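Here's the structure we're looking at; comments come further down.
The values are calculated or read from the model by the stated rules, or taken from the named source; none is laboratory data. As the structure is a prediction and not an experimental result, all values here were calculated from the model. Ideal geometry is used to build each Cβ from the backbone, glycine not excepted, and the neighbour counts take in all protein chains shown.
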Amino acid sequence: MKNRRVLLLLFTIATVLGTIIVCPIQLTYFSALETASRPHKLLYTLVHISDVQDLSQYYPETLNYTFQWIESKKDELKIVAVIITGDLVNTYNDVSQWENYLKAKKLTTVPIYEVAGNHDNDYGRDFTYYNKFIGVNETFYVVPVTRHFMLIGISWNGTSNLITESTLKWIEEIIEKFRNRYFIVATHYFINRDGSPSPLGKLIYRLHLKYPRNVVIVLCGHIHTRLSLSLGSLHVFVTNVQERNQSFVRLLKVYSDLTLVVELWRLVPKPEKLIEKQAITLSSLPCQAQKYNYKYLF
């Protein structure tokens, strides 16, 4: 298309496990007309939310609206799961905040998958209230969410927020049984603002290096920003945007050609606004620069 611009960038990732990863990324810009004429069918949508603690404490009506919006869009967008990566409340033992959160999440019938953040369990010291209001805590879990994706949930675990080698081996054993699936890792704290990995992030990245075709997405929060980046063929999305009375959701739309279109929406203040939109071709994995096909759509 004559109105399409292609730009080749050299994208350098921060040091991970003592190694510098350099991957060329091709950014392809599309016109509004091309974007509107996507020929592939939407199969389903996953929703990512994180760090809603200010809404649970100060702005429960905004939190209610967030889940109402998800419910109102579930048929149109074929939403099959909501993944919430921690900090559901500000104060782990404040019952009123937990009640506000529970009231809001009940406003959608879409299945919800949660992991605990540091605000939910006093930096891993006390799961009492999390267990009471969310259910019996599973610090680590692996569940199928669609026919393509399995979800690895890792809660904030202890003051070090790390997983043991035995837990890592258990996760690897499950991946070995489902080598025909993609895996999403949902955890609270994966990366720092400067792009360097957290200690847990290094372990997750190690898991990706062993299974580059399977462990392909990390959903997280904790740092106060919105961020999308790629560590080779591992795509990382931070959806924490704590700006007081505002609400953000990230949509991961899976199409029939296994293109993953990722959109960040601001729901409040109204009117709702699309903040960013990009697409990733999952079939290009693992990381081979000549096969990368990143498309940022406007």
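Structure notes:
- Selection count, region 100-126, where residues are in a loop (DSSP other than H, G, I, E, B), of a type in the set (V, I, T) and touching a residue at least 40 places away in the same chain (Cβ under 8 Å): 2
- All positions within region 236-247 that are surrounded by 22 or more Cβ atoms within 10 Å (Cβ to Cβ) and free of Cβ contacts under 8 Å to residues at least 60 places away in the same chain: V236
The rows are residues; the columns are (1) within 23 Å of V145 (Cα to Cα); (2) in contact with an Asp or Glu (Cβ under 8 Å, 6 or more places away or on another chain).
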site	(1), (2)
N180	yes, no
F190	yes, no
P199	no, no
V238	yes, no
R250	yes, yes
V254	yes, no
R266	no, yes
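- Flag if R193 is within 24 Å of Q57 (Cβ to Cβ), at pLDDT 95 or above and surrounded by fewer than 21 Cβ atoms within 10 Å (Cβ to Cβ): no
- So K270, is it basic (K, R) and either more than 21 Å from T167 (Cβ to Cβ) or part of a strand (DSSP E or B) (or both): yes
- Matching residues, region 174-190, being surrounded by fewer than 23 Cβ atoms within 10 Å (Cβ to Cβ) and β-branched (V, I, T): I174, I175
- F133, sole failed condition from (1) over 14 Å from W156 (Cα atoms); (2) of a type outside the set (A, V, I, L, M); (3) crowded, with 22+ Cβ neighbours inside 10 Å; (4) touching a helix residue (DSSP H, G or I) at 6+ places or on another chain (Cβ under 6 Å): (3)
- Odd one out for T167, checked against (1) outside any loop (DSSP other than H, G, I, E, B); (2) in contact with a Phe, Trp or Tyr (Cβ under 7 Å, 6 or more places away or on another chain); (3) crowded, with 17+ Cβ neighbours inside 10 Å: (3)
- Whichever residue in region 224-259 is modelled with pLDDT of 95 or more and aliphatic (A, V, I, L, M) and, among such residues, is farthest from T187 (Cα to Cα): V254
- One residue stands out among those in region 54-90 that are polar (S, T, N, Q) and either within 17 Å of the chain's Cα centre (by Cα) or under 21 Å from I217 (Cα atoms) (or both): the one that is surrounded by the most Cβ atoms within 10 Å (Cβ to Cβ), which is T85.
- Residue within region 140-158 that is among the basic types (K, R), more than 18 Å from V82 (Cα to Cα) and without any contact (Cβ under 8 Å) to a residue 12 or more places away in the chain present: no
- Selection status of N93, more than 20 Å from the chain's Cα centre (by Cα) and assigned to a loop (DSSP other than H, G, I, E, B): yes
- The set of residues in region 127-164 being outside any strand (DSSP E or B) and aliphatic (A, V, I, L, M) consists of I134, V136, V145, L162, I163.
- Selection of region 105-117 for residues being closer than 20 Å to V185 by Cβ and surrounded by fewer than 19 Cβ atoms within 10 Å (Cβ to Cβ) yields P111, I112, Y113.
- Residues considered: L274, L207. Of these, the only one that is surrounded by fewer than 16 Cβ atoms within 10 Å (Cβ to Cβ), of a type in the set (A, V, I, L, M) and over 24 Å from H119 (Cβ atoms) is L274.
- Residue identified as farther than 22 Å from F183 by Cα, among the aliphatic types (A, V, I, L, M) and at pLDDT 95 or above among L46, L33, L42, L63: L63
- Of all residues in region 218-235, those satisfying the criterion of being among the hydrophobic types (A, V, I, L, M, F, W, C), assigned to a strand (DSSP E or B) and either surrounded by fewer than 23 Cβ atoms within 10 Å (Cβ to Cβ) or under 10 Å from the mean Cα position of the chain (by Cα) (or both) are V218, L219, C220, L227, L229.
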